[in-house]
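Comments concern the structure below.
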Amino acid sequence: MMFHFFSKILSFFLYPFYWIVFFLILPFVIKSKKMKILCRCIGISLFFILGNRGIINLAYKAYESKPVYQNTILTPYDYGVILGGGFAHKQKYLPDRIIFKDHINRLTEAMELYASGKIKKIIFTGGIGGLTRIKDLEANDVKEFLEELKWPDSSLIIENKSRNTYENAIFTKAILDSIGFQGKILLITSAAHMPRAERCFKKAGVHFDVYPADYQYREQLDYLEYILPNIACFYDWEQLIKEWIGTQVYSWKGYL
């Protein structure tokens, strides 16, 4: 529980926008004129570098797992295991619907694979979405959404206790062991998240192939995106930095 809590708190400090604000505010509280100039230069430089869509686009291209194309899947997989990413939740003032955020492509691409006969059934693993959503279990929300679409109950298994990628792997392995499963598994998660997820599932003893989804790399950008800073890039950097640091922390904890 404490690891989950601190991992969420750490996310606050990984948002590059706050770094920029820090270096732009710091000159007002320090006395050295040289340090004032240095801090302002750092803050402005970070704004233009980290706000550049071309740079973050190249970073994602280098880090994301290589795509797997549907037409290369010749034999259907028994299960597609979808990892939650906090992309589905409910709000009290909209009780009749599920709200979706970033990374919904993990789910929609798995639904497409199911519809095209590439996977026979789905395991969705994902519980608590964040510190403020303790009672809002992502897997339950996804199940409710799929039930509204008349999704067959027999083709869906829900795991709603996991709080991170490590627990996704551990609890999924427990489900597979409980049913004596020996078939083929296709692991489905965001392309940038796949390197860490793949190592966690291997560590847990799950045998699988990968299907990266939810790519953030864009093949073509507008010319102005190489010039004008975009504040949305700061969020993209946060997500990528979380993967870098998360991999290192998981390695230190023995999860990989």
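The table below lists the values:
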read-out	value
Inter-residue pairs, beta-carbon under 8 Å, first more than 10 Å from residue 23 (Cβ to Cβ) and part of a helix (DSSP H, G or I) and in the stretch 33-53, second among the hydroxyl-bearing types (Ser, Thr, Tyr) and open to solvent by 40 Å² or more (accessible area, probe 1.4 Å), 6+ apart	53/226
Where residue 230 falls short, out of the listed (1) in a helix (DSSP H, G or I); (2) open to solvent by 50 Å² or more (accessible area, probe 1.4 Å)	(1)
Of all residues in the stretch 14-32 being touching an Asp or Glu at 6+ places or on another chain (Cβ under 7 Å) and outside any helix (DSSP H, G or I), the one that is least open to solvent (accessible area, probe 1.4 Å)	14
Whichever residue in the stretch 149-182 is under 26 Å from the mean Cα position of the chain (by Cα) and among the small types (Gly, Ala, Ser) and, among such residues, is most open to solvent (accessible area, probe 1.4 Å)	174
Residue that is least open to solvent (accessible area, probe 1.4 Å) [pool: residues in the stretch 54-105 that are of a type in the set (Lys, Arg), at pLDDT below 95 and not in a loop (DSSP other than H, G, I, E, B)]	90
Options 217, 211: the member that is modelled with pLDDT of 95 or more, touching an Asp or Glu at 6+ places or on another chain (Cβ under 9 Å) and in a loop (DSSP other than H, G, I, E, B)	217
When residues of the stretch 193-207 are limited to those that are open to solvent by 40 Å² or more (accessible area, probe 1.4 Å) and either in contact with a strand residue (DSSP E or B) (Cβ under 8 Å, 6 or more places away or on another chain) or part of a loop (DSSP other than H, G, I, E, B) (or both), the one modelled with the highest pLDDT	198
Evaluation of residue 218 against (1) open to solvent by less than 70 Å² (accessible area, probe 1.4 Å); (2) in contact with a helix residue (DSSP H, G or I) (Cβ under 7 Å, 6 or more places away or on another chain); (3) over 23 Å from residue 80 (Cβ atoms) (one fails), failing number	(1)
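The values are calculated or read from the model by the stated rules, or taken from the named source; none is laboratory data. Nothing here was measured: the structure is a model prediction, and the numbers come from that model. Methodologically, a virtual Cβ is constructed for each residue, glycine included, from the backbone with ideal geometry; neighbour enumeration extends over all protein chains shown. Surface areas here come from the heavy atoms of the whole protein model, side chains and all, with no ligands, DNA or RNA. Shrake-Rupley method; radii C 1.70, N 1.55, O 1.52, S 1.80 Å.
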